[in-house]
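The values are calculated or read from the model by the stated rules, or taken from the named source; none is laboratory data. All values derive from a computational prediction rather than experimental measurement. Here Cβ is always computed from backbone atoms with ideal geometry, including for glycine, and neighbour counts include all displayed protein chains. We work out accessible area using only protein heavy atoms, side chains counted, and drop any ligands, DNA or RNA first. Shrake-Rupley method; radii C 1.70, N 1.55, O 1.52, S 1.80 Å.
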Amino acid sequence: MEENFKNMKGQLEIMKTLGIKPNFSELERAFGIGRHTIKKYYEGYEGKNPNKNRPSKLDKYYDEIKSKINLCGINQMGLYQYLLNKDNSIGTYSNFKKYLSKHNLKPTKSSKVHLRYETEPGEQLQFDWKEDLKMISKHGELFEFNVFSTTLGYSRLHNFVYSKTKTREDVERCLMTTFKYIGGVPKCMLTDNMRAVVDIEGDKRKVNPEFNQFAKDMGTSVKLCKPRTPETKGKDETANKFMAWLIPYNHEFEDEEDLIRIIDNIRNKVNSTVNQTTNIPPILLFEKEKEYLSPLPSNRVMSSYLVNVEKSKVYPDSLIYYKGKRYSVNPKYIDQYVQAKQIDNILYIYHNKQLIATHEINDKIINYAKDHYLEGLQITMPYKDKNDIEKYTEENLKKLDLLLVGNNV
């Protein structure tokens, strides 16, 4: 057949040179090649592109793709968005999937079938925790946190809120953050057996009174999923899958502030991506749904819940995180949780409602109080006398300030 194609193309060239119009039916009988194919070649078709197997722009990321595709919980879209964030010239998601298939780099996944149901605009907000996440910064620092995930039932608009703890106060704070993000309040909220907001006695479940009051104050109500059927909250369960987009950033982010920024970027990308059920990006469908949301509660009601208190874990260096900066407490509180509250330019740190430290808010990344650092050295260097400890404290704090100033230049 290859010889027939060669002869057919030669015959066409001769005819073109002599100005003879081909009889395609006759050539079909002569060479055993379809007349439409012969006509394509006569009109300029040159056959398949010999550069079809040219190098892909993804080739330089092959090793990185291979290492990250096996990370637990990752999915193709999450890895694609991670690479696209690094290099927007890698091409479309469709080509990315073809590249994975060609190189046998697809992640394993399991699937379950659940019946879908729809809700009216503004009717329902589903919420849940993505719990006990652990990620390590590019500097080797471990971050343990949770992501509060919400989804509007009609538009599928998502919101993800970073939170270190999962108390009822955290749920309320995250929900108010979401209400502000969507600019209103839905008619009801749907959740499962979240311990922070649901009281369980034997087979009986009920929303605890404090959270029920919160819902009433916000102008909404709370519904619980049927027992052992979390798929009834499936739209937000689907949103949790998008947290797989976070996995490729392990060992790739700078600090807590950068991690929160990445989570916000993932939310924006998720809301701009075409939903597989509606075939419309959530952010576009939300333009209709937002008209059906109830107005936000008054500032007085909102502020009564937003007391501006953050819970933070005390890390082994005796520091807590607050708005991207670090502040010290006494080392005896290491591995415990404390509450941080800012009033004007002062940060007040409490443990079990007792004030244990204060710091002036400033631009320094690390803020050690001298007595906290001194106490830490006394624990780690018990063989040194008090004067030496004092000297080391003064010297080390000065060096630390110089180092931080140098890194900020």
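When the chain is modelled as a GNM with alpha-carbon springs shorter than 10 Å, which of Gly219, Gly202, Gly91 fluctuates the most?
Between Gly219, Gly202, Gly91, it is Gly202 that shows the largest mean-square fluctuation.
Throw me the Rg/Rh for the range 251-409, computed over C-alpha atoms with Kirkwood Rh, two decimals. All intermediate terms of the calculation are to be shown ahead of the outcome.
Details: Rg = 21.9 Å, Rh = 19.4 Å.
Across the range 251-409, the Cα-based Rg/Rh ratio is 1.13.
Whose amide H sits under 5 Å from the amide H of Asn208, counting only residues 5 or more places off or on another chain, with H placed in the peptide plane?
Val198, Asp199
Can you tell me the accessible area per residue over the chain, all protein chains present, probe 1.4 angstrom, in square angstrom?
Averaged over the residues of the chain, the accessible area is 59 Å².
I need the Kirkwood Rh of the range 142-199: take the reciprocal of the average 1/r across all distinct C-alpha pairs and report it in angstrom. Show your work: numbers first, answer last.
Working: mean 1/r = 0.0811 Å⁻¹.
For the range 142-199, the Kirkwood estimate is 12.3 Å.
Which value does Rg/Rh take for the chain over its C-alpha atoms, Rh per Kirkwood?
On the way: Rg = 30.6 Å, Rh = 26.3 Å.
My calculation of the ratio gives 1.16.
Going through the cross-link list Lys164/Lys341; Lys6/Lys39; Lys66/Lys98; Lys364/Lys384; Lys311/Lys370; Lys130/Lys323, which pairs have a Cα-Cα distance over 18 Å in this structure? Mind showing how you got there, number by number?
Working: Lys164/Lys341 15 Å; Lys6/Lys39 15 Å; Lys66/Lys98 15 Å; Lys364/Lys384 29 Å; Lys311/Lys370 23 Å; Lys130/Lys323 21 Å.
From Lys164/Lys341; Lys6/Lys39; Lys66/Lys98; Lys364/Lys384; Lys311/Lys370; Lys130/Lys323, over 18 Å: Lys364/Lys384; Lys311/Lys370; Lys130/Lys323.
Where does the Debye-calculated log10 I(q)/I(0) of the range 266-342 sit at q = 0.19, 0.22 Å⁻¹, using only Cα point scatterers of equal weight, no solvent?
-0.83, -0.92
With r defined as the distance between the Cβ atoms of Gln276 and Tyr392 and R0 fixed at 51 Å, what FRET efficiency is calculated, to the nearest 0.05?
Values: r = 60 Å, r/R0 = 1.18.
FRET efficiency, Gln276 to Tyr392: 0.25.
Modelling each spin label as a point 7 Å along the Cα-to-Cβ direction, I'd like the Ser221/Lys332 distance in nm, to one decimal.
5.1
Could you work out which residue, out of Leu296, Leu105, Leu27, moves most in a Gaussian network model of the chain, that is, has the largest mean-square fluctuation with Cα springs under 10 Å?
Leu27
Find out how many positive minus negative residues lie around Lys325, taking Lys and Arg as positive, Asp and Glu as negative, among other residues whose Cβ is under 13 Å from that of Lys325. List each step's numbers first, then the result.
Numbers: positive: Lys323, Arg326, Lys364; negative: Asp255, Glu256, Glu257, Glu310, Glu360, Asp363.
Result for the local shell: -3.
Quick check on packing: order 344-350, 156-162, 288-294 by the mean number of other C-beta atoms within 10 Å, highest mean leading.
Values: 344-350: 14.3, 156-162: 23.9, 288-294: 16.1.
My ranking of the peptides, most packed first, is 156-162, 288-294, 344-350.
So who's got an amide H within less than 5 Å of the one on Arg326, skipping anything under 5 residues away but keeping other chains? H placed 1.01 Å off N, in plane.
Ile366, Asn367
From the P(r) of the range 333-382, can you give the percent of Cα pairs sitting at distances over 18 Å?
Details: 487 of 1225 pairs.
Every Cα pair in the range 333-382 considered, those over 18 Å come to 40 percent.
When the chain is fully extended, how far beyond the present Cα-Cα distance does Ser94 get from Gln213, taking 0.36 nm per residue of separation?
Length gained between Ser94 and Gln213: 38.1 nm.
So which of Lys86/Lys134; Lys134/Lys204; Lys180/Lys288 end up more than 27 Å apart by C-alpha? Working shown, then result.
Details: Lys86/Lys134 22 Å; Lys134/Lys204 33 Å; Lys180/Lys288 17 Å.
Check vs 27 Å cut-off fails for Lys134/Lys204.
At 0.36 nm per residue, and after removing the present C-alpha to C-alpha distance, how many nm does the segment from Asn4 to Ser294 gain when stretched out fully?
Values: separation 290, 0.36 × 290 = 104.40 nm, distance 7.35 nm.
Computed gain between Asn4 and Ser294 is 97.1 nm.
Between Leu355 and Leu400, what is the FRET efficiency for a Förster distance of 25 Å, r being their Cβ-Cβ separation, to the nearest 0.05?
Numbers: r = 25 Å, r/R0 = 1.00.
Calculated transfer efficiency: 0.50.
In terms of the ratio Rg/(2.2 N^0.38 Å) built on C-alpha atoms, what value belongs to the range 102-221?
Values: Rg = 17.2 Å, N = 120, 2.2 N^0.38 = 13.6 Å.
This ratio for the range 102-221 stands at 1.27.
Based on DSSP, what percent of beta bridges with both residues in the chain are antiparallel, to the nearest 5? Present the calculation step by step, with values, prior to reporting the outcome.
Details: 41 of 50 bridges.
Counting DSSP beta bridges with both partners in the chain, the antiparallel share is about 80 percent.
Would you mind calculating the gained length between Met381 and Glu64 on full extension (0.36 nm times residue separation, minus the Cα-Cα distance), in nm to one decimal? Write down the numbers at each step before the final one.
Details: separation 317, 0.36 × 317 = 114.12 nm, distance 4.29 nm.
Full extension from Met381 to Glu64 adds 109.8 nm.
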